[in-house]
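All remarks here apply to the structure that follows.
The values are calculated or read from the model by the stated rules, or taken from the named source; none is laboratory data. Keep in mind that this is a model prediction, so the values were computed, not measured. Reconstructed Cβ throughout: ideal geometry from the backbone, glycine too, with neighbour counts over all protein chains shown. Note: areas computed on protein heavy atoms with side chains; ligands, DNA, RNA excluded. Shrake-Rupley method; radii C 1.70, N 1.55, O 1.52, S 1.80 Å.
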Amino acid sequence: AKAAETEDFEQAASHRDLIQSIQATLERQQVVDPALADRDIWGLFRDSDAGELVVLQVRRGVMVEPIGFSFDHCLEENEALLTSSVLQFYSQRQAPREVLLPMVVEDRAALEELLRERSERAVSLASPQRGRKRRLVELANQNAQTRFRQAEDAETRREEALTLLAKHCGLASPPRRIECFDNSNFQGSSPVASQVLFVDGKPEKAGYRRYHIRSVEGPDDFASMAEVLERRIRRAWEQDDFPDLIVVDGGKGQLSAAQAVLRDLGAEQQAIIGLVKARTEKRRGEKS
């Protein structure tokens, strides 16, 4: 509340997320079923065609780690969405004897029979309207809403960060695909380089690459960076997949080597920046 009053909204959101995470942890540690039964409780939150489904799992009466699923561009009605999600979820795991749902689904008996066949035991689907079980469903719905809002806030922060990055780099629009390059070697030998990929501000690990340096002997960061960028830009021309922004680890030397490669390959239009660590060391007695 204090952070919000001073309009430090990013810090306020961080505090809020922390509080909600602590509350969720405490809730999971509580014995929610004195009978020590196993059951799954489904929750749903929807905002237009996007939202979140969550499954609160109770094992031997204790709530364990919930499982969440985000969705967007969904045109199905809630009942149809819930039915298809339940079928998909329990196609990969055994259903407990009782599954609580936030609403009544069509063809409940047929769905129960299908889950019974898959789990090899009776499975009851219920949508409680009152009492302790209804409170569990409401808890699951609240959990789904919290997860959705947290993801929504995180997406907003990423968009703001990309917009700010574009402004600092003089880009016409936020960079959606960012490729970052770094060199390393072991005691002056076996030089390699790594590439990491960010798409819409999030790591895309399927796009990570490692390059073995072929033409450079010894620890020569400038030459290594030039080789790696040359190989990447040649592939970009062949496949027409230039990134929106290239980030090289290093200062003016590495950046100049990279820019020379871009000029030689006719890719001067490629946006590129160098990244160096901030000099935060202070002399004895020096104040920040």
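Just the C-alpha atoms of the range 222-282: what Rg/Rh do they give, with Rh taken as the Kirkwood radius? Let's see the in-between values first.
Numbers: Rg = 12.6 Å, Rh = 12.1 Å.
Here Rg/Rh amounts to 1.04.
This model, with +1 at the C-beta of Lys and Arg and -1 at the C-beta of Asp and Glu, gives the range 96-171 a dipole about its Cα centre of some 420 debye.
Kindly provide the helix-only [θ] at 222 nm of the chain, computed as the sum of -39,500 (n - 2.57) over DSSP H runs of four or more divided by all residues, to the nearest 500 deg cm²/dmol? Kindly include the intermediate steps, with their values, before the conclusion.
Details: 7 runs with 120 residues, N = 288.
Calculated mean residue ellipticity at 222 nm is -14000 deg cm²/dmol.
Under a 5 Å amide H cut-off, with hydrogens placed 1.01 Å from N, E98 pairs with D40, S124 among residues at least 5 apart or on other chains. Selection among A151, Y211, V137 by position relative to the dipole of the range 101-233 gives V137 as farthest towards the positive end (Cβ unit charges, Cα centre). Qualifying trypsin sites (Lys or Arg not before Pro) in the range 195-224, where qualification requires a DSSP coil assignment and no more than 13 other C-beta atoms within 10 Å, comprise R214. Calculated on the Cα set of the range 90-244, radius of gyration then Dmax: 26.1, 73 Å.
Couplings 3J(HN,Hα) of the range 4-21, computed from phi: 5, 4, 8, 6, 8, 5, 5, 5, 4, 5, 5, 4, 4, 4, 5, 4, 5, 5 Hz, in residue order, whole Hz [Karplus 6.51 cos²θ - 1.76 cosθ + 1.60, θ = phi - 60°; x for Gly and Pro].
Mind checking the dipole of the chain: about its Cα centre, +1 per Lys or Arg Cβ, -1 per Asp or Glu Cβ, Debye to the nearest 20? Walk me through the intermediate numbers first.
Working: 42 positive and 48 negative charges, 233 e Å.
The calculation lands at about 1120 debye.
A cut-off of 5 Å between modelled amide H atoms, ignoring neighbours fewer than 5 places along the same chain, links S127 with L101. Along the range 148-156 the Karplus relation, 6.51 cos²θ - 1.76 cosθ + 1.60 evaluated at θ = phi - 60°, assigns HN-Hα couplings of 5, 5, 5, 5, 5, 5, 5, 5, 4 Hz to successive residues, with x for each Gly and Pro.
Given a 1.4 Å probe and the protein chains as shown, E106 ends up with an accessible area of around 140 Å². Principal-axis analysis of the Cα atoms of the chain puts helix 252-264 at an angle of about 80° to the longest axis. Looking at the chain, the pairs of alpha carbons with a distance over 31 Å make up 52% of the total.
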